[in-house]
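Notes follow once the structure below has been shown.
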Amino acid sequence: MIGILGKTTPRRPNLSTRLATTFLVFLIVLSSTMAAGALAAGEDTAPTILATGLPPDVTGHWAEAIIGRAISAGVARPDSDGKFYPDRPATRGEFAAMLVASRRVDSAPPARPSFSDVPATSPYFAAVEAAYRLGYVEGIGNGRFGPANALTREEATTMVVRASGREGEARALKSVQSILAGLGLTDGATISDWANEAVAFAVKLGIVKGFPDRTFRPGTDLTRAQALALLERLGTSVPVPATTVKADGRTVHYRREIDLTATAYGEYFEDVGQWLGGPTYFGLPVREGTVAVDPNVIPMGTHLYIEGYGYAIACDQGSAIKGARVDLFFDATPQQIADFGIQVRKAYILDGVF
């Protein structure tokens, strides 16, 4: 596997490698006449009054038009009382659901939950699992996701950059501090180190801006209205492809397709009965959905859908993974991995730069 610093180490010779990466991207359709959504009321233009059917507490709000479009597209929905509460802080669970819906991810949840606080009975179960598999989100530690936790602006910005499929570009930025300095933010130094690259890249793409008072407020909770404005801007900068295909019974939006030679890998320790794999090149914990590719063929951070495997994120590399190949992580025994052998699988590229 590849370590977090990017140094390759040989894969176990007794494990066959396998491909079946699956990945998918979704796009929010924007009206050509609307002003771009913003992260603050002061950044948005006057809202357009929509037809009836809009939640009563949205009329006259700065994000009225944005909320209306999101509800129509199925990205958001009112609460059970019919209200939307646009100025209420968005939670991590809510944002994961909005993000997955906005990217048109059509994914079936796994057999068992990845997080102890997002059980199969949770309304956010399917969305959180899809977002986690694609690398949009990570947990908060101790096997928890924190679905009810309020989401900060820098957290949300990091998530949308991951969802763009261009995180590899963000990590390769050479002028992070100069980009941030170019905003003239008075609180730029308070942006967490782990969010600096994502914020700078989001600024470069035009997805985020500062407030009129020249602050970014990285640790401030993101409101539900601001969350939808952020997602709409993501949809403008990195549109979900219009081309679709039916794969494994799911509708996949994709940019291009490619045949990959697939193998499988894993690190299963029979004495403890579980996978104890280390981090991928991107630093993500290995799990189903994390795959190794040749970055010269598929850039790091790209999302895919692999027939027979599902959604995946290209987040690992290997010295033996060259050309049109993919090595897919499986939570399986060594024998099951060996039985996979070498197969050719159709892969659909959902995003990234090509």
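Miscellaneous remarks
- Straight-line cross-link partners of Lys246 among the lysines, defined as a Cα under 18 Å from its Cα and at least 8 positions apart when in the same chain: Lys346.
- If you take all other residues with their beta carbon under 15 Å from the beta carbon of Ser102, and give Lys and Arg +1 and Asp and Glu -1, the sum is +3.
- Each residue of segment 160-167 was assigned a 3J(HN,Hα) from its phi angle through the Karplus curve 6.51 cos²θ - 1.76 cosθ + 1.60 (θ = phi - 60°); the sequence is 6, 5, 4, 5, 5, x, 10, 4 Hz, with glycine and proline shown as x.
- Report note on the peptides 121-131, 96-106: ranked by the mean count of other C-beta atoms within 10 Å, highest first, their order is 96-106, 121-131.
- Put in line by how crowded their Cβ is, counting other Cβ atoms within 10 Å and starting with the fewest, Ser192, Ser114 read Ser192, Ser114.
- Listed by Cβ neighbour count within 10 Å, with the fewest neighbours leading, Ser116, Ser164, Ser237 appear as Ser116, Ser237, Ser164.
- Remark: relative contact order (segment 41-237) = 24 percent; criterion is Cα-Cα distance under 8 angstrom and separation of 6 or more residues.
- Net charge of Cβ neighbours under 12 Å - reference Gly289; Lys, Arg +1; Asp, Glu -1: -2
- Proxy reagent accessibility, fewest Cβ within 10 Å first, across Trp194, Trp62: Trp194, Trp62
- Looking at segment 114-195, the trypsin sites (Lys or Arg not before Pro) that sit in a DSSP loop and have at most 16 other Cβ atoms within 10 Å of their own Cβ are Lys174.
- Note, ³J(HN,Hα) from phi for segment 287-294, Karplus 6.51, -1.76, 1.60, rounded to Hz, x at Gly and Pro: 6, 4, x, 8, 10, 9, 9, 8
- Along segment 78-87 the Karplus relation, 6.51 cos²θ - 1.76 cosθ + 1.60 evaluated at θ = phi - 60°, assigns HN-Hα couplings of x, 6, 5, 8, x, 9, 9, 6, x, 9 Hz to successive residues, with x for each Gly and Pro.
- Charge tally around Ala111: other residues with Cβ under 11 Å, Lys/Arg +1 each, Asp/Glu -1 each, net -2.
- Distant-in-sequence amide H partners of Thr223 (H built 1.01 Å from N, under 5 Å): Ala90
- Candidate lysines - alpha carbon under 22 Å from Lys209, same-chain residues fewer than 8 apart omitted: Lys174
Read the figures in this text as sums done on the coordinates, not as results from a lab. Predicted, not measured: the structure shown is a model, and the values here were computed from it. Note: ideal-geometry Cβ built from the backbone for every residue, glycine included; neighbour counts use all protein chains shown.
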